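To start, the structure itself, in structure tokens.
The values are calculated or read from the model by the stated rules, or taken from the named source; none is laboratory data. Bear in mind the structure is a predicted one, so any value in this text is a computation, not a measurement. Neighbour counts are summed over all protein chains in view; Cβ atoms, including those assigned to glycine, are modelled from backbone coordinates with ideal geometry. Ligands, DNA and RNA are stripped out before the accessible areas are found, and what is left, the full protein with its side chains, is counted by its heavy atoms. Shrake-Rupley method; radii C 1.70, N 1.55, O 1.52, S 1.80 Å.
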Amino acid sequence: MKSSIPMVDPAAEYRLLKDEIDAAVGRVLASGRYVLGPEGDALEREIAAYVGAAHAVGCNSGTDALHLPLVAIGVGPGDEVIVPAFTFFATAEAVSYTGATPVFADIDPATFNLSADSLKQKVTSKTRAVIVVHLFGQCAALEEIAAFCRSRNLVLIEDCAQALGAEYQGRRAGGWGEFGCFSFYPTKNLAAAGDAGMITTSSRKHEETLRVLRHHGSRQTYLHERVGWNSRLDEIQAAVLRVKLRRLDQFNAARRRVAQRYREKLKGVQTPAEDPRGKHVYHQFTLRSDRRDAIREALGAEGIAASVFYPIPLHRQPAYEAANRAVSLPASEAAAKSVLSLPINPLLDDAAVERICACVGAVAG
């Protein structure tokens with residue numbers, strides 16, 4: 001009987017790094033410091049240095065990493081924040097938490113990332129910020145988008161949940177905008193053993209505000225300057241992430257090699273486009289096909305996982321549809337009907353890739 005092939009394999013990654021991870025977790029447990037301790041401090045310094053930002057602030061999820069910067073700059077009711085319609089729900093959800101309105105823009109059909117032209121059409125006098133998502137591990141067109149945001153005095157927030165280590169014109173994701181927002185959910189390229197997040201910024205003022213917001217609005221025990229949140233990155237997650245961060249470039253390179261093998265084997269199938277100005281880290285390897293559902297069904301019959309990210313664009317989600325019935329975003333809507341992501345992780349071997357490609361090719365080609 002053939003073995004199954006999952007989308008990701010966190011347990012295999014743990015087995016590879018077991019001795020280092022166990023030692024790191026044991027160190028935390030022995031210390032008795034479980035929240036806001038030296039592991040978190042060290043991880044913040046290491047992520048900031050890796051990204052090329054002046055500061056990094058840990059928090060308890062990628063969603064909070066998106067939400068807290070919006071609060072820090074004072075976004076609230078009456079404001080608008082532009083987000084791409086083809087992404088995970090949390091990008092828009094973070095805007096809604098503040099009472100502001102997410103305004104949905106279309107994507108570049110080649111890269112799945114925010115279209116600069118669509119962004120420019122969506123700006124109004126109420127627009128305060130833009131959240132640009134680096135979807136599937138590839139940076140959006142950051143130079144053009146960042147220049148436009150500067151020209152309109154808009155705050156640029158990078159949603160880097162899927163793109164730690166990705167680059168654009170030699171600069172890493174999270175180092176372009178006023179904030180970079182990262183998720184360390186267990187399926188991410190840098191994966192915690194639970195929820196965890198991080199925010200990068202080059203502003204000392206923003207860093208100080210974020211630290212207050214993540215800790216009940218407090219910087220001094222029992223003195224609360226404002227209403228904040230309980231959004232602290234715990235020490236065990238930080239310790240695990242520090243072990244894995246040392247392997248991140250190696251693992252991202254392995255993902256790129258898997259992606260290249262897919263390309264070589266999947267002739268005639270629309271494989272992901274790579275922007276030559278950047279470096280893709282392949283959080284997902286996402287095909288487009290008008291036979292998407294048939295390919296997925298065939299893979300499933302062989303015990304091979306495949307996922308649709310994302311079957312419903314955000315402006316058509318029940319939570320937002322009533323306010324966006326007149327909105328047409330054709331590239332996002334077409335992507336939702338045609339995308340299929342294949343298994344990809346640093347430990348996926350050649351035999352698995354061959355098996356996956358043979359199955360896809362039999363249906364698509």
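What helices (runs of 4 or more DSSP H), lying completely within region 286-365, carry at least 1 residues that are surrounded by 16 or more Cβ atoms within 10 Å (Cβ to Cβ) and among the polar types (S, T, N, Q)?
330-338
Exactly one of these conditions fails for Val258: (1) open to solvent by 50 Å² or more (accessible area, probe 1.4 Å); (2) closer than 23 Å to Ala110 by Cα; (3) of a type in the set (A, V, I, L, M, F, W, C). Give me its number.
(1)
May I ask you to verify whether His280 is of a type outside the set (Lys, Arg), in contact with an Asp or Glu (Cβ under 6 Å, 6 or more places away or on another chain) and open to solvent by less than 80 Å² (accessible area, probe 1.4 Å)? So that I can check it myself, show each step before the final result.
Working: of a type outside the set (Lys, Arg): yes; in contact with an Asp or Glu (Cβ under 6 Å, 6 or more places away or on another chain): yes; open to solvent by less than 80 Å² (accessible area, probe 1.4 Å): yes.
Yes: the conditions hold for His280.
Scan region 288-302 and report the pairs whose first residue is under 21 Å from Ala273 (Cβ atoms) and whose second residue is open to solvent by 50 Å² or more (accessible area, probe 1.4 Å), with Cβ atoms within less than 7 Å and a gap of 6+ or a chain change.
Once the first residue is under 21 Å from Ala273 (Cβ atoms) and sits in region 288-302, its partners that are open to solvent by 50 Å² or more (accessible area, probe 1.4 Å) give Arg288/Gln270; Ser289/Gln270.
When only residues in region 35-60 that are surrounded by fewer than 22 Cβ atoms within 10 Å (Cβ to Cβ) and in contact with a strand residue (DSSP E or B) (Cβ under 6 Å, 6 or more places away or on another chain) count, which is farthest from Gly170 (Cα to Cα)?
Selected residue: Val35.
Cβ-Cβ distance below 6 Å, separation of 6 or more or different chains: which pairs start in region 207-219 with a residue that is among the hydroxyl-bearing types (Ser, Thr, Tyr) and end on one that is open to solvent by 20 Å² or more (accessible area, probe 1.4 Å)?
Thr209/Ala72; Ser218/His224
Check region 268-275 and report whether any residue there is touching a Phe, Trp or Tyr at 6+ places or on another chain (Cβ under 8 Å), over 23 Å from Cys359 (Cβ atoms) and open to solvent by 70 Å² or more (accessible area, probe 1.4 Å).
There is no residue in region 268-275 that is touching a Phe, Trp or Tyr at 6+ places or on another chain (Cβ under 8 Å), over 23 Å from Cys359 (Cβ atoms) and open to solvent by 70 Å² or more (accessible area, probe 1.4 Å).
Go over the candidates Leu68, Leu114 one by one and state the one that is crowded, with 24+ Cβ neighbours inside 10 Å, over 21 Å from Arg288 (Cβ atoms) and under 19 Å from the mean Cα position of the chain (by Cα).
Leu68
Would you mind stating whether Gln169 is at pLDDT 95 or above, open to solvent by 10 Å² or more (accessible area, probe 1.4 Å) and on the phi > 0 side of the Ramachandran plot?
yes
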